[in-house]
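Laboratory data are not the source of any read-out in this text; all were calculated from the coordinates shown. The structure displayed is predicted, hence computed values, not measured ones. Because the Cβ atoms are built from the backbone with ideal geometry, glycine has one as well, and the counts that use them run over all protein chains shown.
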Amino acid sequence: MNTRAPSTRGLGELAQQLRVDSVRASAAAGSGHPTSSMSAAELMAVLVARHLRYDFDRPDHPANDRFVLSKGHASPLLYSAYKAAGVVDDAELLTFRKLGSRLEGHPTPRRLPWVETATGSLGQGLPIGVGIALSGKRLDHADYRVWVLCGDSELAEGSVWEAAEHAAYERLDNLTAIVDVNRLGQRGPTRHGHDLDAYARRFRAFGWHTVEVDGHDVDAIDRAYDEAVSTSGAPTVILARTLKGKGVKAVEDHEGLHGKPLPDPEAAVAELGGPRDLNVRVQEPNARRALHAVPDGRVELPRFSRGEEVATRDAYGKALAALGTGRGEVVALDGEVSDSTRAQFFAEEHPERFFECYIAEQQMVAAAVGLSTRGWVPYASTFAAFLTRAHDFVRMASVSGAGINLVGSHAGVAIGQDGPSQMGLEDLAMFRAVHGSTVLYPCDANQTAHLVAAMADLDGVRYLRTSRGKNAVIYDPDEEFPVGGSKVLRFSEQDRVTVVAAGVTVPEALAAAEALGREGIQVRVIDLYSVKPVDRFALRQAADDTGLLMTVEDHHPEGGLGGAVLEAFQDGRPVPRFVRLAVRTMPGSAAPDEQLHAAGIDADSIAAAVQLLVEQAVVR
C-alpha cells in the first residue's frame with residue numbers, strides 16, 4: 001500500500017503499524033519506551049499523513065514544517081514514522097539503541113538530519129519550538145508550521161510555562177503543541193491524570209487556543225489539526241486523552257511499565273494485527289528559494305584608545321551592534337537586563353533582530369537554540385549569575401550541536417554593592433564543563449570587541465564573560481586575539497613567578513607586578529583571555545621559565561581559571577608549583593575595590609602572595 005492514508009481506516013492502520021514497529025524496535029534493543037510511543041500513535045499517524053509538509057530529501061528546505069518530539073523518550077514512535085516515510089528501513093529500525101546506530105535512545109540532530117533538536121531532558125521541546133516559531137514569524141516571514149509533541153508529565157516543568165507565556169505574547173499562531181495526555185508518568189499517575197480541562201485552563205490563562213480530543217480518534221485528531229492551522233493570532237494546544245500502551249491489553253493503562261520493553265512482544269505484535277509495510281507520502285512543502293535574505297557587509301568594530309576607561313560590557317554592546325550591521329544573520333536576545341548587559345545597543349540599531357525574553361532565562365537560551373536551527377547566529381545575554389538557571393538548556397544545546405553565543409555580565413565580586421545574589425562566581429566552571437564549549441574572558445574593550453566578532457564563526461556553545469566596572473584599555477584596536485591564545489603582558493629573563501589573570505584581575509596583576517618590580521622581584525603576567533581552549537604552550541613555557549604559577553580569578557576556586565591552567569599539565573609532564581587566588585568566602589555588600597581586597601585578589605593581595613612564594617622558594 002503506497003498512499004497518504006487519507007481514509008479513517010488507512011490512518012488507523014498506519015497508527016497500528018507505528019505501534020507494532022515501536023514494540024519491535026524496543027524488543028530488539030531490550031530497552032526503550034514502547035508504551036509511551038503507543039499512546040501517541042494516532043497523533044503521529046494523522047500528522048505525517050495529512051498535515052506535515054516536509055521534504056525528507058531536503059531537511060534544510062526553507063519551507064519545511066518543523067517537528068519537535070519533546071517527549072524524546074518516545075523515540076521508537078519517531079523512528080517508526082521515519083520508516084513509514086521511507087527514510088529508515090526495517091533493518092535499521094531494529095538497530096535501535098545499538099552501538100553505532102543513528103537511532104539513539106533519545107533523538108539528536110548530530111545523528112539524524114530530520115531531528116530539529118536533542119530532546120530527552122523533558123520540558124525543552126516547547127521552549128525550543130517557540131524559538132523556531134519566532135524565526136518563522138519575525139525573521140523568515142515564511143508559512144512553515146512548528147509542531148511539538150509533548151508528554152503530559154513534562155507539563156510540570158516551569159520551562160513549559162515560560163514557553164507558553166512567551167508564545168502567546170508573541171502571537172505565534174504558527175506553533176502547535178500536541179500533548180499526549182496518557183495519565184501515567186515514570187513512577188505512577190501524573191498530577192492531573194486525564195483531566196484535560198486542568199491543562200486547558202492553564203494554557204487558556206496564558207492566551208492559547210485550546211482543543212480537547214480523544215487521542216485515539218483519527219477523525220477528531222484530523223479536525224483538531226485543521227483547527228490549529230486555521231487559528232490566527234494565538235498558538236494552539238491540542239490536548240489528547242490517550243492510553244499508555246494502547247492496543248495491548250496486558251500493558252494498556254497499566255502502571256510500572258515505563259521505560260521497559262513489553263514482556264511478550266511477539267504476542268503484543270499479534271494482538272496489534274501483526275507487522276505491516278505501509279508507506280506514507282508526506283506532503284511536500286511550498287516552493288521557497290531561500291531560508292532568509294541575509295545582507296552582508298564589512299564589520300567595522302568599535303575602536304578604543306589606550307588608557308581610555310571602558311567597561312567590557314559597554315564594548316560588548318557596541319561590538320554586537322557593529323557585528324549586526326555587517327552580518328545580517330546575527331540576532332540578539334536578552335533577559336530584560338539589556339540596559340545593563342548593553343545588548344540595548346544592538347536593539348536600538350537592529351530592532352527587527354532583537355528578542356526581549358524578559359526574566360525567563362530558560363526560554364531565552366531555548367529561543368537561541370531554536371533560532372540557531374534556522375541558520376541564525378544568536379547572542380543571548382543576561383547577568384552571569386542568572387545563566388545558572390538555564391544550565392540544562394545549555395547542556396542540551398551541546399548535545400544538539402547547536403551554535404549559540406551566551407554572554408554573562410556583572411560577573412564576580414567586582415560588581416560591588418549588589419551582593420552575592422547578583423555575582424556570577426560559578427559561571428566559568430559551568431561553561432567549561434559543557435562539551436565542546438568555548439569560554440572567553442576579556443579584560444579590556446578592544447579585546448572584547450574582537451572576541452565578540454570571533455564568536456560568530458565558532459562551533460558549539462560559546463560563552464563570553466563581561467564586567468560591570470570600567471577598566472583602562474591596555475591593547476591597541478588592531479591587536480589580534482585568537483581563540484585559544486593568551487597575551488604575555490610582562491616578561492623578563494629574571495621572572496621568578498608567573499601570575500595568570502583574566503578579566504578584572506589583569507589590571508590588578510599588572511599593578512602588583514609593577515610594585516614587585518620596584519622591590520627587585522620580577523613577575524611574568526599572562527592575560528589568559530581564552531579560558532577554554534587554554535593556551536597550553538604559553539603556560540608550559542612560563543612554568544619552565546619561572547617554576548611558579550599563580551592564578552588570580554574573580555570566581556570560586558572550583559572549576560575556574562585555575563582549573564583551566566592545571567589542564568595544560570595533564571599530559572604527564574611535571575606540574576609546577578601552583579597557587580590559586582580566588583573568591584573563597586561568601587561576599588557581602590561593599591565597594592568593588594573593597595570586594596577585591598576582601599577576596600584576596602587585588603593588587604596588594606597578589607603582591608603579598610608572590611612575596612610569600614618567593615621567600616618559600618628561597619628557603620627551599
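Pairs of Cα atoms nearer than 8 Å and 6+ residues apart set the relative contact order; for segment 309-472 it is 30 percent. Across segment 183-188, computed HN-Hα scalar couplings (Karplus, 6.51 cos²θ - 1.76 cosθ + 1.60, θ = phi - 60°) run 6, 10, x, 6, 9, x Hz from first to last residue, x flagging Gly and Pro. If you take all other residues with their beta carbon under 13 Å from the beta carbon of Phe491, and give Lys and Arg +1 and Asp and Glu -1, the sum is 0. A compact globular protein would have a Cα radius of gyration near 2.2 N^0.38 Å; the ratio found for segment 8-271 is 0.93. The residues Val365, Val500, when put in order of fewest to most other Cβ atoms within 10 Å, stand as Val500, Val365.
Taking amide H atoms as placed 1.01 Å from N in the peptide plane, the amide H of Asn279 lies under 5 Å from those of Thr3, each 5 or more residues away in sequence or on another chain. Its alpha carbons considered, segment 65-189 gives a radius of gyration followed by a Dmax of 15.2, 45 Å.
Only Lys, Arg, Asp and Glu carry charge here, each on its Cβ (+1 for the first two, -1 for the last two); on that basis the chain has a dipole of about 1140 debye about its Cα centre.
From the C-alpha gyration tensor of the chain, pull out the three semi-axes of the equivalent ellipsoid (sqrt of 5λ each), sorted largest to smallest, in whole Å.
On the way: eigenvalues 546, 129, 86 Å².
Ellipsoid semi-axes (Å, largest first): 52, 25, 21.
With a simple spin-label model that places each label point 7 Å from the Cα along the Cα-to-Cβ direction, the separation between Arg223 and Asp57 comes to 3.7 nm. Between 0 and 90 degrees, the angle of helix 391-400 with respect to the longest Cα principal axis of the chain falls at about 70 degrees. For segment 8-271, the antiparallel share of DSSP beta bridges with both residues in that region comes to about 5%.
Please quote Rg/Rh for segment 309-472 to two decimal places, taking the Kirkwood radius as Rh and restricting both calculations to Cα atoms. Spell out each step's value before the answer.
Working: Rg = 14.0 Å, Rh = 15.2 Å.
Taking Rh as the inverse mean 1/r over Cα pairs, Rg/Rh reads 0.92.
By definition, a body whose alpha carbon gyration tensor gives a ≥ b ≥ c is prolate when a/c is 1.5 or more and a/b is larger than b/c, and segment 124-268 fits this prolate description.
Projecting the Cα atoms of Gly193, Gly247, Ile526 onto the dipole axis of the chain, where Lys and Arg carry +1 and Asp and Glu carry -1 at the beta carbon, places Gly247 farthest toward the positive end. Give the shape of segment 385-535 as rounded, prolate or oblate, defined through the alpha-carbon gyration tensor: a ≥ b ≥ c are the square roots of its eigenvalues, a/c under 1.5 means rounded, and otherwise the shape is prolate if a/b is larger than b/c and oblate if not. Prolate, since a/c reaches 1.5 and a/b exceeds b/c. Annotation: amide H of Ser39 within the under-5 Å range of Gly245, Lys246, sequence separation 5 or more or interchain, hydrogens built in the peptide plane.
With 0.36 nm allotted per residue and the present C-alpha distance subtracted, the Glu558-Arg276 stretch has 95.9 nm of extension available. The distance linking segment 115-164 with segment 230-304 is 12 Å (Cα centroid to Cα centroid, whole angstrom).
Taking 29 Å as the cut-off for C-alpha to C-alpha distance, list the pairs among Lys318/Lys532; Lys83/Lys260; Lys137/Lys532; Lys83/Lys246 that go past it.
Violating the 29 Å limit, Cα to Cα: Lys137/Lys532.
Cβ crowding within 10 Å ranks His33, His254, His51 as His254, His51, His33, fewest other Cβ atoms first. Taking the DSSP bridge list for the chain and keeping only pairs wholly inside it, about 15 percent are antiparallel.
If R0 is 51 Å, the Cβ-Cβ spacing of Phe537 and Gln186 corresponds to a FRET efficiency of close to 0.55. With both labels modelled 7 Å from their Cα along Cα-to-Cβ, the Arg584 to Asp143 distance reads 6.6 nm.
Relative contact order for the chain: what percent, with Cα pairs under 8 Å and sequence separation of 6 or more? Spell out each step's value before the answer.
Values: 1467 pairs, mean separation 76.2, N = 620.
The value is 12 percent.
Residues Ser605, Ser75, ranked from the fewest to the most other C-beta atoms within 10 Å, line up as Ser605, Ser75. Report the one residue of Val504, Val23, Ala319 whose Cα lies farthest in the direction of the positive end of the charge dipole of the chain (charges on C-beta: Lys and Arg +1, Asp and Glu -1; origin at the Cα centre). Of the options given, the answer is Val23.
Between Asp90 and Glu594, the simple spin-label model (points 7 angstrom out along Cα→Cβ) gives 7.7 nm.
For segment 262-274, backbone phi angles converted through the Karplus equation (6.51, -1.76, 1.60; θ = phi - 60°) give residue-by-residue couplings of 5, x, 9, x, 5, 5, 5, 4, 5, 5, 7, x, x Hz, Gly and Pro being listed as x.
Answer rounded, prolate or oblate for segment 466-609, using the Cα gyration tensor with square roots of eigenvalues a ≥ b ≥ c: rounded when a/c is under 1.5, else prolate when a/b is larger than b/c, else oblate. Rounded, because the longest to shortest axis ratio a/c is under 1.5. With a cut-off of 14 Å between beta carbons, the residues surrounding Ala250 carry a summed charge of -1, where Lys and Arg count +1 and Asp and Glu -1.
Quick check on packing: order 344-350, 560-566 by the mean number of other C-beta atoms within 10 Å, highest mean leading. Could you put the intermediate results ahead of the total?
Numbers: 344-350: 19.1, 560-566: 24.6.
Highest-to-lowest ranking by the protection proxy: 560-566, 344-350.
Kindly work out what percent of the DSSP beta bridges joining two residues of segment 487-619 are antiparallel, to the nearest 5. If you can, show how the numbers build up before the last one.
Details: 3 of 17 bridges.
Bridges in segment 487-619 that DSSP calls antiparallel: roughly 20 percent.
So, counting K/R as plus one and D/E as minus one, what does the shell of residues with Cβ under 12 Å around Asp277 add up to?
On the way: positive: Lys83, Arg276; negative: Glu13, Asp21, Asp89, Asp90.
Value of the local net charge: -2.
How much space per residue, in cubic angstrom, does the convex hull of the C-alpha atoms of segment 302-394 take up?
On the way: hull volume 9.0 nm³, N = 93.
Spelled out: Cα convex hull of segment 302-394, divided by residues, is 97 Å³.
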